[in-house]
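Here's the structure, in C-alpha cells; my notes come after.
The values are calculated or read from the model by the stated rules, or taken from the named source; none is laboratory data. Quick caveat: nothing in here was measured; it's all calculated off a predicted structure. For neighbour counting, all protein chains shown are included, and Cβ atoms are generated from backbone atoms with ideal geometry for every residue, glycine included.
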Amino acid sequence: MTTMRAWVVREPGPLPTGPIELTEVPVPAPGTGEVLVRVLTCGVCRTDLHVATGDLAVHRPRVVPGHEIVGEVVGAGPGATRFADGERIGIPWLRETCGACRWCRAGRENLCTASSYTGWDADGGYAEYATVPEAYAYRIPDALGSAEAAPLLCAGIIGYRALTRARLPQGGRLGLYGFGGSAHLTAQLAMAQGAEVHVLTRGEGARRLALELGAASAGDSHDLPPVPLDSAICFAPAGDVVPSAMEALAPGGTLAVAGIHLTDIPPLAYRRHVFHERTLTSVESNTRTDGEEFLALAARLGIRPTVTEYPLAQAAEALAYLDAGDVRGAGVLRVAER
C-alpha cells in the first residue's frame, strides 16, 4: 500500500466550517530511529480539538491530528531496533526532545524548548499508519485492550502528572473541575490510592459518570464542593473556573491547571482566592517516566476508561461530541482490528 486514509486539518476554524477532511495521503516512511505503525486505535483528545479549531497555532499545515495511538509495528527505519515487527506499542503526545538542554539534563524533558508533539508538529493517528521515534513510544501492557489503552496515552498520563503537581496528601480530598477523558481516569487513580474525590463539571452526563465511578459528590463547575479541598485539578479549558477552584481550597491547598489551552483567568482576590498559602500551578506535557509509571499503575490497579468507539470515517463526529461539552468518558477511533 502506497497511500492511506487520513484526516488532515484543512483550515483551522470552528467545527461547523469543516476544518478537518478525510483524504488519501502517502503512507509515511520511518526515518532514522523511527518505526512505522499500523494504527489500531486512536483516542480523541481535547488537544486535537484545539489543533483543528485553531486554539493552538498551526505548527504544520495539513497536519494529521491524533496523539493517543495504539498500533502494531510493521516497519523500522535505519538504527531502529527497540521493537519487533508485530509488537503493539503506543504513540503519545510527546514526540521528541533535544536531550541536551538544562531541562532534559535535569529529568524535566517536558519543559524542553525544542520539544515536538504528535498530531501538531508531526502527523498523528487519525490515519491508517503513523511513525514515531522509537525512544518515545511505549509498550502496551498485555492487560490493556487497544481501545482502552488509547486514552491512557495522553488523558491518563497528563492526569497522572497533574495529580502529582497538585500535591494531594495521602487520603486527602481532591476536586476535579471538568470530567472528560483525563479527569475520569485521574478520579479512578486517586480513589484507588485512597483519596476522596469531588467532581465539579457542567455536564449532567459527566456528573452521573463521576458518581457511578465512586466520586463522593458531583456538582456544577462554579459550585463550592461540600468540603474544603486539599488539592484540585482544572481540566476544563475555561479560565473562569480558576477563581472558584482556588476559593474551594483548604489552607495550604494546591490547584493544578492541566490543559494546554485555557481561556483568560479573571482577576483573583488575594484574601478570597490566594491567601492561606494556597498555590496555583500548571502542567506542561509529561516526561517519558510519567508515562511508564502511569501505564504500569493502570495495568496493576485496573484503571480503565469509559470508551465510546467511532470508525475512522467518523472522526469529525467524534470531535463534535467532544466539543458539545457533556462528555461521558473518552472517544476512541477504531482504525483497524488485530
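Quick notes on this one:
- Of the strands (runs of 3 or more DSSP E) lying entirely inside region 151-268, those containing at least 3 residues that are within 22 Å of the chain's Cα centre (by Cα) span 173-177, 196-200, 229-234, 249-257.
- Conditions (1) in the same structural domain as residue 7 (by TED's automatic domain parsing); (2) part of a loop (DSSP other than H, G, I, E, B); (3) aliphatic (A, V, I, L, M): number failed by residue 132: (2)
- Pairs, first closer than 12 Å to residue 209 by Cβ in region 166-191, second among the polar types (S, T, N, Q) and at pLDDT below 95, C-beta under 7 Å, six or more apart: 184/306
Quick grid of which residues meet (1) surrounded by 14 or more Cβ atoms within 10 Å (Cβ to Cβ); (2) of a type in the set (A, V, I, L, M); (3) under 18 Å from residue 129 (Cβ atoms); (4) outside the structural domain of residue 118 (by TED's automatic domain parsing):
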position	(1), (2), (3), (4)
7	yes, no, yes, no
15	yes, yes, no, no
22	yes, yes, yes, no
28	yes, no, yes, no
33	yes, no, yes, no
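Residue-by-condition table, conditions (1) touching a residue at least 12 places away in the same chain (Cβ under 8 Å); (2) of a type in the set (Asp, Glu); (3) within 18 Å of residue 228 (Cβ to Cβ); (4) surrounded by fewer than 21 Cβ atoms within 10 Å (Cβ to Cβ):
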| site | (1), (2), (3), (4) |
| --- | --- |
| 261 | yes, no, no, yes |
| 264 | yes, yes, no, yes |
| 277 | yes, yes, yes, yes |
| 283 | yes, no, no, no |
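- If you go through region 292-328 and keep only what is in contact with a His (Cβ under 8 Å, 6 or more places away or on another chain) and surrounded by fewer than 18 Cβ atoms within 10 Å (Cβ to Cβ), you end up with just 306.
- Only one of 147, 122, 137, 216 that is modelled with pLDDT of 95 or more and surrounded by 24 or more Cβ atoms within 10 Å (Cβ to Cβ): 137
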